[in-house]
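**Student:** Pasting a structure here, questions to come.
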Amino acid sequence: MAATQRVSSPEREIAVLHGKELAYVYYPGVGTPLVMLHGVGSSATGWDEPARLLSERGVPVLSIDLPGHGESAKGPGDYSLGSLASAVRDLLDHLGIDRATIVGHSLGGGVALQFLYQYPQYVAGLVLVSSGGLGRDANLILRLFSVPGAGVVLGLGLNQRTMSLLETFRGQVRRWGRIPEFFPDRVMDKIDRLSDPEDRHTFLATLRSVVDHSGQRVSALEKLHLSNSVPVLIIWGRKDSIIPLSHGERAHEMLESSTLVVFDDAGHEPHRKDPDRFAAVLADWLDDRRLRD
């Protein structure tokens, strides 16, 4: 394993692909890179800590703001899994990367599975973190966001006044000291983004491409056997209230050569709950599967 070295967080870069901006961050390292894909309503910043830790271990990491998210172009467009996977392929071509291990969280897991289906020659390995696309179940709030009219309701409910009231209430609860994690910063960041009309539009367009009122509407299960062509690591939080652990366990059973790691104390974001363990698990798995070369 490469010697540990301190790696500072690099600045975001912008690639203009087919006239649209796609933002990304590259953490240096040696060998085959990891390509990290975030969930709906999130951005590459969600990977900052594990990406830095992996880079310190010598693993190169490319984290991407998917179209419509973060600093990438927003507005009307195609936010289907196929389109998002194509955008990832275009960026890899732009950067001269012809092979990578694809890491996907939640929506990003669905994009990773679609990417393997469309562009198998690019994929050295696959890491699914609380991944979408492996069953119908989805959190009730996400299902409600997908119904017609949800955008209007969000627009009326999320404004400067309500955000200010929520921030004040959050501060009061924290001062009481009873719920120090009440509405953590990352949740507030997502809510704040939804108060912006353009961010809200792309969030809903992306969500509705994969979720409807009854649950997840896109399934990779019938094509999951194709993932047997590459090493697969499945990481899940036992306390996940967005997508249940049973989805990961079923995928593990269907993929004989896969590895399943459960974070007992984590919810839907095990890579943010315990980034040190996440980076260690991923780096060790890469070494065991000889995917660092």
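The values are calculated or read from the model by the stated rules, or taken from the named source; none is laboratory data. It should be emphasised that the depicted structure is a prediction, and the values quoted were computed from it without experimental measurement. Here Cβ is always computed from backbone atoms with ideal geometry, including for glycine, and neighbour counts include all displayed protein chains.
**Student:** Scan region 88-114 for residues that are crowded, with 24+ Cβ neighbours inside 10 Å and either farther than 22 Å from residue 291 by Cα or among the charged types (D, E, K, R) (or both) and report the count.
**Tutor:** So the count comes out to 2.
**Student:** Return yes or no: is residue 53 closer than 27 Å to residue 288 by Cα and either surrounded by 15 or more Cβ atoms within 10 Å (Cβ to Cβ) or among the basic types (Lys, Arg) (or both)?
**Tutor:** Taking the combined requirement at face value, the residue satisfies it.
**Student:** For region 228-243, state whether one or more residues are under 24 Å from residue 286 (Cα atoms), touching a Leu at 6+ places or on another chain (Cβ under 9 Å), of a type in the set (S, T, N, Q) and surrounded by fewer than 20 Cβ atoms within 10 Å (Cβ to Cβ).
**Tutor:** In the first step, residues of region 228-243 are kept if they are under 24 Å from residue 286 (Cα atoms); the result is 228-238.
Now drop any that are not touching a Leu at 6+ places or on another chain (Cβ under 9 Å), which leaves 228-238.
Narrowing the set further to residues that are of a type in the set (S, T, N, Q) leaves 228-229.
Those still in the list that are surrounded by fewer than 20 Cβ atoms within 10 Å (Cβ to Cβ) too: 228-229.
Yes, the conditions are met somewhere in region 228-243.
**Student:** Oh, and also: I'd like to check something: does region 264-271 contain any residue that is among the acidic types (Asp, Glu), without any contact (Cβ under 8 Å) to a residue 24 or more places away in the chain and surrounded by 15 or more Cβ atoms within 10 Å (Cβ to Cβ)?
**Tutor:** Here is the first cut: in region 264-271, the ones among the acidic types (Asp, Glu) are 264-265, 269.
If we keep only those that are without any contact (Cβ under 8 Å) to a residue 24 or more places away in the chain too, we end up with none.
No, every residue in region 264-271 fails to be among the acidic types (Asp, Glu), without any contact (Cβ under 8 Å) to a residue 24 or more places away in the chain and surrounded by 15 or more Cβ atoms within 10 Å (Cβ to Cβ).
**Student:** In this structure, is residue 286 over 17 Å from the mean Cα position of the chain (by Cα) and at pLDDT below 95?
**Tutor:** no
**Student:** Out of the residues in region 230-286 that are part of a loop (DSSP other than H, G, I, E, B) and hydroxyl-bearing (Ser, Thr, Tyr), which is nearest to residue 128 (Cα to Cα)?
**Tutor:** For region 230-286, the residue satisfying everything is 258.
**Student:** Name the residue that is nearest to the chain's Cα centre (by Cα), counting only residues in region 18-58 that are in a loop (DSSP other than H, G, I, E, B), small (Gly, Ala, Ser) and more than 16 Å from residue 282 (Cβ to Cβ). Outline the logic, then answer.
**Tutor:** From region 18-58, those in a loop (DSSP other than H, G, I, E, B) are 18-19, 28-33, 38-43, 57-58; that's our starting set.
Subset that is small (Gly, Ala, Ser): 19, 29, 31, 39, 41-43, 58.
Within this subset, residues satisfying the condition of being more than 16 Å from residue 282 (Cβ to Cβ) are 19, 39, 41-43.
Values: 19: 24, 39: 3, 41: 9, 42: 7, 43: 8 Å.
Step by step, filter region 18-58, then rank; the result is 39.
One line per residue, one yes/no per condition, for (1) closer than 26 Å to residue 232 by Cα; (2) at pLDDT 95 or above:
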site: 10; (1), (2): no, no
site: 45; (1), (2): yes, no
site: 75; (1), (2): no, no
site: 96; (1), (2): yes, yes
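**Student:** Something else: Can you tell me which residue among 293, 212, 287 is over 25 Å from residue 60 (Cα atoms) and among the acidic types (Asp, Glu)?
**Tutor:** 212
**Student:** Closer than 30 Å to residue 196 by Cβ and outside any strand (DSSP E or B), is that true of residue 84?
**Tutor:** When the stated conditions are applied, residue 84 passes them.
Residue-by-condition table, conditions (1) more than 19 Å from the chain's Cα centre (by Cα); (2) closer than 17 Å to residue 105 by Cα; (3) in contact (Cβ under 8 Å) with a residue 12 or more places away in the chain:
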position: 208; (1), (2), (3): no, no, yes
position: 212; (1), (2), (3): yes, no, yes
position: 220; (1), (2), (3): no, yes, yes
position: 242; (1), (2), (3): no, yes, yes
position: 251; (1), (2), (3): no, yes, yes
position: 291; (1), (2), (3): yes, no, yes
